[in-house]
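Below is one structure, written out as structure tokens, with a few remarks after it.
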Amino acid sequence: MIKVTVNVEGMMCPHCEAHVNEAVKKAFGVEDVVSSHENKTTVFTVPEKVDEEKVRQTIKDAGYEVTGITQD
């Protein structure tokens, strides 16, 4: 499994976190997504590496900005 950590700017509250979580769940078909406005991160696990441009676009479409992505 690949752990994807996305640095996200613009999340201000738990509602923002939920908005990002839902967007990621829909785009990548994952259930376990954890966003933190305090840490400015969204973390999820997928079976194989994801298209980073799709991650950026998904989060941009939700109204936030991606400043970095790591896949471990």
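Values in this text are rule-based calculations from the coordinates and carry no lab data. Values in this document were obtained by computation on a predicted structure and should not be read as measured data. Here the Cβ is made from the backbone with ideal geometry for all residues, glycine too, and neighbour counts use every protein chain on show.
Would you please name the trypsin sites (Lys or Arg not before Pro) within the chain that are DSSP coil residues with at most 15 other C-beta atoms within 10 Å of their C-beta?
Lys49
Annotation note: GluC sites (Glu not before Pro) in the chain located in DSSP loop regions with a Cβ neighbour count of at most 13 within 10 Å are Glu31, Glu38, Glu48. Rounded to the nearest 0.05, what FRET efficiency is calculated for Glu48 and His15 with R0 set to 30 Å and r the Cβ-Cβ distance? Efficiency, rounded to the nearest 0.05: 0.45.
What length, rounded to one decimal in nm, is gained on full extension from Ser36 through to Ile2, with 0.36 nm per residue of separation minus their alpha-carbon distance?
On the way: separation 34, 0.36 × 34 = 12.24 nm, distance 1.92 nm.
Additional length available on full extension: 10.3 nm.
For a label point 7 Å from the Cα of Asp72 along Cα→C-beta, name the residues of region 21-47 whose backbone N is under 14 Å from it. Hits in region 21-47 for Asp72 at 14 Å: 42-46. Using modelled amide H (1.01 Å from N, peptide plane; none on Pro or chain starts), what sits under 5 Å from the amide H of Val8, excluding residues fewer than 5 places away? Amide H neighbours of Val8, under 5 Å, 5+ apart: Thr41, Thr42, Thr67. Between helix 52-61 and the chain there is an angle of about 30 degrees, using the helix long axis and the longest principal axis of the Cα atoms.
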